Amino acid sequence: MEEFLNIFIKSAFVENLVLSYFLGMCSYLAVSKTVKTASGLGLAVIFVLGITVPINWLINRYLLSENGILGMDLTFLRFILFIAVIASMVQLVEMVVEKVSPALYNSLGIFLPLITVNCAILGASLFMISREYDFSESVAFGLGGGFGWFLAIVAMAAIREKLKYSDIPAPLRGLGIAFIITGLMGMAFMGMMGIDPAIFFSGK
Amino acid sequence: MSEMKESKKALFPMTKKEKRLLFDPLNDNNPVTVQVLGICSALAVTSMLLPSIVMAIAVTFVIAFSNLAISLMRNYIPKQVRMIVQLVVIAFLVTIVELTLKAYSYPVYKQLSVFIGLIITNCIVMGRLEAFAMANPPWQSFLDGIGNGLGYGIILIIISFFRELFGRGTLLSGTPIEMKIIGAGSDFWIDTTTNSWFGWYTNNNLMVLPAAALFILGMIIWYQRSKNPKLVDIS
């Protein structure tokens with residue numbers, strides 16, 4: 001449990017996918033205009049990340065690696081299989097959201113299917129491989145990464161709602177200032193780099 | 001070599017539309033600063049010039065050929081599964097790029113790490129497939145792909161030029177023609193040992209951090225939009 005929380009907090013705050021690795025920037029910038037849609041997309045990302053990372057872990061371990069079921073080293077198929085899993089999961093989320101909340105479905109529009117090409121999702125699966133997590137760690141990493149993404153996009157949307165009332169030079173308005181603010185937020189999050197969350201749980 | 005000659009011959013009598021496809025993405029319709037696509041990799045790989053040049057070439061290759069392939073198949077793909085078909089084509093091309101880099105240029109491969117794989121989810125590729133290749137003939141789609149790849153590459157190279165110059169004081173480090181510009185020692189062009197003219201200067205560590213890429217990109221957008229007022233965001 002300790003290990004689980006450790007990785008969850010680390011991937012949500014210390015190694016935030018958006019603000020430390022700058023993954024998933026396209027939808028992050030495009031959907032962060034109002035807090036409501038931003039939190040909707042954030043929740044969808046938490047869900048998709050929380051499912052796809054463990055599934056991709058299973059696929060990588062039992063299907064693609066040399067001592068899996070097939071007994072062959074098929075790691076060159078990794079990209080194609082991972083992206084297929086992600087695409088089908090996104091399709092699932094899309095159907096659920098359409099059924100449960102048509103209003104949210106309409107406001108997210110094209111960005112719901114575009115979660116497929118949100119680099120944070122595939123990036124998390126690839127990080128999970130390169131950091132050699134085990135299964136429970138990959139569950140924690142998926143949920144934590146999704147939560148970090150949610151946090152970042154909601155914070156950004158809140159800032160941008162306030163920005164509407166400030167006097168910014170015309171050429172910098174919109175996209176330009178959004179980049180600079182993201183940079184500042186990234187620097188703030190950088191302050192947490194190197195913190196090991198384990199110290200909070202070990203009681204030292 | 002013969003391939004290059006052929007493409008040159010074919011490129012010469014370009015119609016106005018084809019020229020626009022090739023050169024519009026460099027400024028008026030730049031994929032990064034105007035269409036807001038493919039930001040992730042533009043930020044992550046640009047701390048040095050060499051990996052960003054490699055990345056630009058790789059992305060151009062992938063966009064151009066996936067555009068070509070999808071455009072050839074566009075009338076046969078059922079609408080419901082088009083995303084998956086597109087992704088499979090892209091993933092196939094990216095796997096080629098990855099294996100080629102791994103074989104011929106291992107240090108650069110190591111440096112780019114997951115970002116080669118992330119070309120699959122680089123929104124420029126998907127975006128161009130959806131917006132252009134699904135509705136246009138192969139040759140034009142191919143040109144559109146090359147144009148967008150170049151537009152992306154230019155931004156990457158500008159950002160990484162500033163980041164490497166001010167962050168490390170070198171340019172093109174890792175290649176045989178590495179240039180040492182700012183730093184302490186007589187082999188640098190601008191010597192910053194303490195008793196020299198530029199002794200006050202030390203490398204700016206902020207430039208090495210990814211946040212610097214965001215600032216530089218913000219500046220590029222500022223500059224571009226003040227030169228090109230029709231791009232200004234009114235909302």
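The residue pairs whose first member lies in the range B:100-122 and is on the phi < 0 side of the Ramachandran plot, whose second member is charged (D, E, K, R), and whose beta carbons are closer than 6 Å, counting only pairs six or more residues apart or on different chains, are B:109/B:102; B:116/B:98. Taken over the range B:26-42, residues that are crowded, with 23+ Cβ neighbours inside 10 Å, modelled with pLDDT of 75 or more and part of a helix (DSSP H, G or I) amount to 1. Scanning the range B:180-189 for residues that are modelled with pLDDT of 75 or more and part of a strand (DSSP E or B), we see that the one that is farthest from residue B:211 (Cα to Cα) is B:180.
Quick check on the range A:24-44. Is at least one of its residues more than 13 Å from chain B (Cβ to nearest Cβ), over 24 Å from residue A:162 (Cα atoms) and of a type in the set (Ser, Thr, Tyr)?
No, because not a single residue in the range A:24-44 is more than 13 Å from chain B (Cβ to nearest Cβ), over 24 Å from residue A:162 (Cα atoms) and of a type in the set (Ser, Thr, Tyr).
Scan the range B:64-96 for residues that are over 19 Å from residue B:131 (Cα atoms) and surrounded by fewer than 19 Cβ atoms within 10 Å (Cβ to Cβ) and the total you get is 3.
Output yes when any residue across the range A:135-143 is in a helix (DSSP H, G or I), surrounded by fewer than 22 Cβ atoms within 10 Å (Cβ to Cβ) and of a type in the set (Gly, Ala, Ser), and no when none is. Yes, there is a match, as at least one residue in the range A:135-143 is in a helix (DSSP H, G or I), surrounded by fewer than 22 Cβ atoms within 10 Å (Cβ to Cβ) and of a type in the set (Gly, Ala, Ser).
Among the residues of the range B:113-124, is there at least one that is at pLDDT below 80, assigned to a helix (DSSP H, G or I) and within 30 Å of residue B:16 (Cα to Cα)? Yes, the conditions are met somewhere in the range B:113-124. Summed over the range A:107-130, the residues that are more than 8 Å from chain B (Cβ to nearest Cβ) and modelled with pLDDT under 80 give a count of 7. Criterion applied to A:7, A:55 was being more than 14 Å from every other protein chain (Cβ to nearest Cβ), touching a Gly at 6+ places or on another chain (Cβ under 7 Å) and of a type outside the set (Lys, Arg), and the one residue passing it is A:7.
Looking only at the range B:100-138, count every residue that is small (Gly, Ala, Ser) and either facing chain A (nearest Cβ under 10 Å) or under 18 Å from residue B:153 (Cα atoms) (or both) and tell me the total. First the steps, then the outcome.
Restricting attention to the range B:100-138, the residues satisfying the condition of being small (Gly, Ala, Ser) are B:103, B:105, B:113, B:117, B:127, B:131, B:133, B:135.
Pick out the ones that are also either facing chain A (nearest Cβ under 10 Å) or under 18 Å from residue B:153 (Cα atoms) (or both) and you get B:113, B:117, B:127.
Count: 3.
Scanning the range B:135-174 for residues that are farther than 30 Å from residue B:19 by Cα, touching a residue at least 40 places away in the same chain (Cβ under 8 Å) and not in a helix (DSSP H, G or I) turns up B:171, B:172, B:173, B:174.
Quick one: in the range A:32-63, of everything that is farther than 21 Å from residue A:147 by Cα and touching a Phe, Trp or Tyr at 6+ places or on another chain (Cβ under 9 Å), which residue is surrounded by the fewest Cβ atoms within 10 Å (Cβ to Cβ)? Looking at the filtered set, the residue picked out is A:58.
The values are calculated or read from the model by the stated rules, or taken from the named source; none is laboratory data. Note that the coordinates shown come from a computational prediction; the quantities given were computed from them, not determined experimentally. Cβ coordinates were reconstructed from backbone atoms using ideal geometry, including for glycine residues, and neighbour counts include every protein chain displayed.
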